[in-house]
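Trainee: The structure's right below; bear with me while I get my questions together.
The values are calculated or read from the model by the stated rules, or taken from the named source; none is laboratory data. The model shown is predicted, which means the values in this text are computed figures rather than measured ones. Every residue, glycine among them, receives a Cβ derived from its backbone with ideal geometry; neighbour counts consider all protein chains shown. With ligands, DNA and RNA removed, areas are computed over all heavy atoms of the protein, side chains included. Shrake-Rupley method; radii C 1.70, N 1.55, O 1.52, S 1.80 Å.
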Amino acid sequence: TSFKGNMENQTKVTDFILVGFQSHPGSQLLLSVLFSTMYVVTVVGNACMIFIIRTDSKLHTPMYFFLENLSILDICYSSVITPKAALTFSLGRRIISYNGCASQMFFFSLFGTTEAFFLAAMAYDRFTAVCNPLLYKIIMNKRLCVFMVVGSYLLGCINCTIQTGFTFSLSFCGSKEINHFFCDVPAVMHISCSDTLVNEIVMLALCGSIIVGTALVVFISYGYIIITIVRMPSAESRLKAFSTCSSHMLSVCLFFGTVFFMYAQPGATSSPNKSKTIAILYTIVVPMLNPFIYTLRNKEVKESLKKKFKRKGGFL
């Protein structure tokens with residue numbers, strides 16, 4: 001045991017180095033500005049969404065309840081990664097402590113998993129609204145909506161506890177350089193000096209079942225929605241229903257497509273550079289685009305915005 005203790009003392013890693021994107025200093029600064037700008041747009045866009053939904057009683061419906069929670073989630077999700085990444089690029093602060101890395105992974109996995117369940121809940125909400133409009137208010141009652149949101153966070157919590165626990169039970173004794181701009185599970189696993197086969201199987205099984213499960217709910221719901229839309233008698237009602245759902249589908253395809261590539265296929269740890277580029281999409285671009293995708297094509301939100309600007313016109 002004393003020999004084992006000495007080994008642990010010698011090899012205990014207290015911090016890691018985030019490699020980020022290796023390029024010349026000029027482009028590092030450009031990346032920093034780009035990440036910072038996208039982060040500001042994400043926070044402002046999602047905060048505006050929350051404000052509009054909270055202050056307009058017409059928007060106190062299940063659909064907007066989910067959108068408000070999605071906006072809160074996207075602010076948290078983006079805040080876990082983007083500010084640290086921007087600092088890494090601009091100031092070259094590449095070192096992240098062992099505990100900092102573990103907590104970043106924990107919260108990133110929590111919010112990422114929760115987002116997948118949110119998108120499934122929102123798809124079910126749209127399915128009920130389009131396919132069972134007469135029963136919509138009975139089915140999508142407040143209790144079910146709150147249960148879906150809390151349930152999404154609980155399932156996210158289970159997944160991130162297992163993922164982070166399994167990853168940080170590995171030994172780190174060689175390279176401290178994580179070939180990524182944040183502590184992502186595959187990238188951290190890649191630098192371990194332990195055998196990661198069990199971890200890769202757990203990641204594939206857990207993430208695969210979550211991604212495939214939630215994606216199935218989403219695509220089956222939208223399959224039924226499209227069939228219902230096609231059968232609608234008037235072209236106007238078809239167009240209205242389709243414009244609402246097409247924006248949701250865009251966000252869903254972007255999120256699930258990139259996440260599936262990253263976590264739900266064997267050998268997810270093998271192509272770090274491709275992984276980093278794709279990670280920008282689901283960690284930074286999707287949370288930034290969500291408020292625009294879900295609201296700019298939405299008549300009710302546009303009307304609410306117009307009213308607010310008119311009301312404030314006096315002091316604007």
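Trainee: Which of the residues belonging to region 132-146 are assigned to a helix (DSSP H, G or I) and either over 20 Å from the mean Cα position of the chain (by Cα) or crowded, with 17+ Cβ neighbours inside 10 Å (or both)?
Mentor: P133, L134, L135, Y136, K137, I138, I139, K142, R143, L144, C145
One line per residue, one yes/no per condition, for (1) under 22 Å from Y282 (Cβ atoms); (2) open to solvent by 20 Å² or more (accessible area, probe 1.4 Å); (3) assigned to a loop (DSSP other than H, G, I, E, B); (4) aromatic (F, W, Y):
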{"site": "G174", "(1), (2), (3), (4)": "no, yes, yes, no"}
{"site": "F182", "(1), (2), (3), (4)": "yes, no, yes, yes"}
{"site": "A187", "(1), (2), (3), (4)": "yes, no, no, no"}
{"site": "N199", "(1), (2), (3), (4)": "yes, no, no, no"}
{"site": "M203", "(1), (2), (3), (4)": "yes, no, no, no"}
{"site": "G208", "(1), (2), (3), (4)": "yes, no, no, no"}
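Trainee: For a quick check of your reading of the model, give me the residue pairs whose first member lies in region 274-292 and is closer than 16 Å to M105 by Cα, whose second is open to solvent by less than 10 Å² (accessible area, probe 1.4 Å) and outside any helix (DSSP H, G or I), with beta-carbon atoms closer than 6 Å and at least 6 apart or on different chains.
Mentor: Partner pairs satisfying both residue conditions: K276/H180.
Trainee: Identify, please: which residue in region 34-79 is free of Cβ contacts under 8 Å to residues at least 40 places away in the same chain and of a type in the set (A, V, I, L, M) and is, among those, surrounded by the most Cβ atoms within 10 Å (Cβ to Cβ)?
Mentor: So, considering only residues that are free of Cβ contacts under 8 Å to residues at least 40 places away in the same chain and of a type in the set (A, V, I, L, M), the one surrounded by the most Cβ atoms within 10 Å (Cβ to Cβ) is I53.
Trainee: Among the residues of region 72-90, is any closer than 17 Å to V146 by Cβ and acidic (D, E)?
Mentor: Pass one, region 72-90, residues closer than 17 Å to V146 by Cβ: 72-73.
Of the ones still in play, those that are also acidic (D, E) are none.
Within region 72-90, none of the residues are closer than 17 Å to V146 by Cβ and acidic (D, E).
Trainee: Of the residues S192, S103, S109, S152, which is open to solvent by 30 Å² or more (accessible area, probe 1.4 Å) and either small (G, A, S) or within 24 Å of T277 (Cβ to Cβ) (or both)? Spell out how you get there, then give the answer.
Mentor: On the way: S192 fails: open to solvent by 30 Å² or more (accessible area, probe 1.4 Å); S109 fails: open to solvent by 30 Å² or more (accessible area, probe 1.4 Å); S152 fails: open to solvent by 30 Å² or more (accessible area, probe 1.4 Å).
Exactly one of S192, S103, S109, S152 is open to solvent by 30 Å² or more (accessible area, probe 1.4 Å) and either small (G, A, S) or within 24 Å of T277 (Cβ to Cβ) (or both), namely S103.
Trainee: Of all residues in region 44-73, which are closer than 20 Å to S109 by Cβ and either touching a Phe, Trp or Tyr at 6+ places or on another chain (Cβ under 8 Å) or basic (K, R) (or both)?
Mentor: N69, L70, L73
Trainee: Taking into account only those residues within region 155-172 that are part of a helix (DSSP H, G or I) and open to solvent by less than 20 Å² (accessible area, probe 1.4 Å), which is farthest from I210 (Cα to Cα)? Steps first, please.
Mentor: First pass over region 155-172, keeping only residues part of a helix (DSSP H, G or I): 155-167.
So of that shortlist, the ones also open to solvent by less than 20 Å² (accessible area, probe 1.4 Å) come out as 156, 159-160, 163-164, 167.
Working: G156: 10, N159: 9, C160: 12, Q163: 13, T164: 16, T167: 18 Å.
Step by step, filter region 155-172, then rank; the result is T167.
Trainee: The conditions are (1) open to solvent by 10 Å² or more (accessible area, probe 1.4 Å); (2) under 16 Å from the mean Cα position of the chain (by Cα); (3) not aromatic (F, W, Y), and G92 fails exactly one of them. Which is it?
Mentor: Exception for G92: condition (2).
Trainee: Related question: Restricting attention to region 163-175, which residues are touching a Ser or Thr at 6+ places or on another chain (Cβ under 9 Å) and touching a residue at least 24 places away in the same chain (Cβ under 8 Å)? Don't jump to the end; show me each part of the working.
Mentor: Of all residues in region 163-175, those touching a Ser or Thr at 6+ places or on another chain (Cβ under 9 Å) come to 163-164, 167, 169-174.
Of everything in region 163-175, those that are touching a Ser or Thr at 6+ places or on another chain (Cβ under 9 Å) and touching a residue at least 24 places away in the same chain (Cβ under 8 Å) turn out to be Q163, T164, T167, L170, S171, F172, C173.
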